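Novice: Before we start, here is the structure in question, set down as structure tokens.
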Amino acid sequence: MNDQLSLNDLEKEAKEILELCQKASLRITTAESCTGGLIVSFLTEIAGSSAVVGRSFVTYSNEAKQEMLGVSADTLEKFGAVSKETVQEMTSGALASAGTDADIAIAVSGVAGPGGGSADKPVGTVWLCVEKRGEKAFSEKLIFSGDRRSIRLATVKRAFEIVREKAL
């Protein structure tokens, strides 16, 4: 799949998610690390997205995760930034910080590369979590291959799929 096709697909998915959320009167927030705001960028590229997206958090550093989302230093020390525990705290923190601006939170943290991987968390490892207010969070560990750009775009695609499957 070429970049243009994949970008068009992601734009279409973002538009569909916005339409579904608007029909259901649901609002979305994101808490992004490895994608650096790419998920919310696809959403807010669409006119009228402010009816669904009120705020978003780019928490690239551990300090940002702690300060902006309330991720525990103990969680980061014990499990690392790229972990189920961290993304679950990121979604909870995003929902708490967003207040009435959000009903659904998407959080991602991963190793997009080309460096930074380890034996247990190689490049391409991403943890993703979607939480709908009042419901149990859904988390998933993903392993993508490819370069930094393709890993980030694949993460956005999977985030949109999980929102559709688990929250809408």
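The values are calculated or read from the model by the stated rules, or taken from the named source; none is laboratory data. Small disclaimer: the values here were computed from a predicted structure and weren't measured. Here the Cβ is made from the backbone with ideal geometry for all residues, glycine too, and neighbour counts use every protein chain on show.
Novice: Within segment 65-111, work out how many residues are within 12 Å of T30 (Cα to Cα), in a helix (DSSP H, G or I) and of a type in the set (V, I, T).
Specialist: 2
Novice: Output the residue which, of all residues in segment 112-163 that are part of a strand (DSSP E or B) and free of Cβ contacts under 8 Å to residues at least 24 places away in the same chain, is surrounded by the fewest Cβ atoms within 10 Å (Cβ to Cβ).
Specialist: If we take residues in segment 112-163 being part of a strand (DSSP E or B) and free of Cβ contacts under 8 Å to residues at least 24 places away in the same chain, then I143 is surrounded by the fewest Cβ atoms within 10 Å (Cβ to Cβ).
Novice: For residues that are surrounded by 18 or more Cβ atoms within 10 Å (Cβ to Cβ) and of a type in the set (G, A, S), scanning just segment 36-61, find the one that is nearest to L76 (Cα to Cα).
Specialist: Only one residue tops the list, namely S56.
Novice: Go over the candidates F42, F57, F79 one by one and state the one that is free of Cβ contacts under 8 Å to residues at least 12 places away in the same chain and among the aromatic types (F, W, Y).
Specialist: Answer to the selection: F79.
Novice: Right, another one. Please verify whether segment 37-53 includes one or more residues that are outside any helix (DSSP H, G or I), under 17 Å from K132 (Cβ atoms), modelled with pLDDT of 95 or more and out of contact with any Phe, Trp or Tyr (no Cβ under 6 Å at 6 or more places or on another chain).
Specialist: Checking segment 37-53: at least one residue is outside any helix (DSSP H, G or I), under 17 Å from K132 (Cβ atoms), modelled with pLDDT of 95 or more and out of contact with any Phe, Trp or Tyr (no Cβ under 6 Å at 6 or more places or on another chain).
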